[in-house]
Amino acid sequence: MSSRKRSKTNTNSAAGLMSSPTAGNADGIPGEFERAGQAADFIHARTELRPEIALVLGSGLGAFADEFADATKIPYAEIPYFPRSTAIGHAGQLVVGKVGEIPVAGMQGRVHLYEGYSVKEVVFPIRVFARMGVKAVILTNAAGGIKREFSQGRLVVISDHINLQGVNPLTGPNDERFGLRFHDMTAAYDRRFREMAVGEGNRMGIGIYEGVYAALPGPSYETPAEIRYLRAIGADLVGMSTVPEVIAARHSGIRVLGISCVTNAAAGILDQPLNHVEVLETAERVKEQFIGLLKAVIPRMAEAIR
Ligand code: HPA
């Protein structure tokens, strides 16, 4: 691990220890399960709320957590072993609070592979949610639209994914306390949650679609040739996040809803270059609609996981 990387990491984190994903080693160094348990205990000690739904709020959407009632805000830097977000548009704190009557935990920003984090670090928050007793997670992101109908500003419910990031968070020894060595990904994106999100979106009159999300490592955007390739293999959306979190969540038995905001047409679809400012501006423009959808879906999900 480089010194640059270490400087981003918690002073109390196991900076050099992330290579041990399972139970602690002979020196008593905690494994992933124990580290996640410590982080979960730390969060539980800060609030009386016991959320069973967690949200990962991607680019621009972090504002939703500012609306939570009875909120406790915990900077990632204070949570044992938690990675810190360096991406623009990501506040880097966990907000535990209520949406209506439902306790939720919302991450204002995530960490990405392109920031230099390992895939284990990227999914650590999901492991913490598992140890907190979270049953369902809503993963949101900004994505490029590959399918023609997925124009700028559309919200798309993720129906499935294609992992092209070249890594998997479950590589290495398996800790059975989280889940199985070879776990099923047939219905990774919960069918009932998807129906709820599409249903609520339609009720709100926002004409929501479903699509397949392809994850690349980034941080460069794709070339037009790569987008043609992605379309040919069945991808409708492209982005740089979410997939490792889905894999870890399903491994831990957490049900998943994934929603993308199409912030731009993917490379080569329009005759113009891509830029991050456009991505952030679109996410900002669609924010209220996105938050409205989440507010409508959360109570229905809460009912479904009871
Ligand atoms: N490609 C990859 N990631 C993205 C894009 C894109 O076009 N837009 C937002 N995130």
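Every read-out reported here was derived from the displayed coordinates using simple, explicitly stated rules and does not represent laboratory data. Keep in mind that this is a model prediction, so the values were computed, not measured. All Cβ positions, even for glycine, are placed from backbone atoms using ideal geometry, and neighbour counts span all protein chains on display.
It is to be established whether one or more residues within segment 149-156 are more than 21 Å from residue 185 (Cα to Cα), more than 14 Å from the ligand (Cβ to nearest atom) and touching a residue at least 24 places away in the same chain (Cβ under 8 Å). Checked against the condition, which is being more than 21 Å from residue 185 (Cα to Cα), more than 14 Å from the ligand (Cβ to nearest atom) and touching a residue at least 24 places away in the same chain (Cβ under 8 Å), segment 149-156 yields at least one hit.
Pairs meeting the criteria (first residue in segment 219-245 and among the basic types (Lys, Arg), second residue within 13 Å of the ligand (Cβ to nearest atom), beta carbons under 7 Å, at least 6 apart or on different chains) are 231/146.
Yes/no matrix, rows are residues, columns are (1) crowded, with 22+ Cβ neighbours inside 10 Å; (2) within 16 Å of the ligand (Cβ to nearest atom); (3) within 17 Å of the chain's Cα centre (by Cα); (4) not acidic (Asp, Glu):
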site	(1), (2), (3), (4)
205	no, no, no, yes
231	no, yes, no, yes
239	yes, yes, yes, yes
262	yes, yes, yes, yes
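Taken over segment 264-306, the criterion of being in contact (Cβ under 8 Å) with a residue 24 or more places away in the chain, surrounded by fewer than 22 Cβ atoms within 10 Å (Cβ to Cβ) and not in a helix (DSSP H, G or I) is satisfied by 265, 268, 269, 274. Only a single item in (1) surrounded by fewer than 22 Cβ atoms within 10 Å (Cβ to Cβ); (2) among the aromatic types (Phe, Trp, Tyr); (3) over 15 Å from the mean Cα position of the chain (by Cα) is not met by residue 81, and it is number (1).
The residues of segment 44-63 that are crowded, with 24+ Cβ neighbours inside 10 Å and among the hydrophobic types (A, V, I, L, M, F, W, C), listed by number, are 53, 54, 55, 56, 57, 61.
Taken over segment 124-148, the criterion of being within 16 Å of the ligand (Cβ to nearest atom) and assigned to a loop (DSSP other than H, G, I, E, B) is satisfied by 146, 147, 148.
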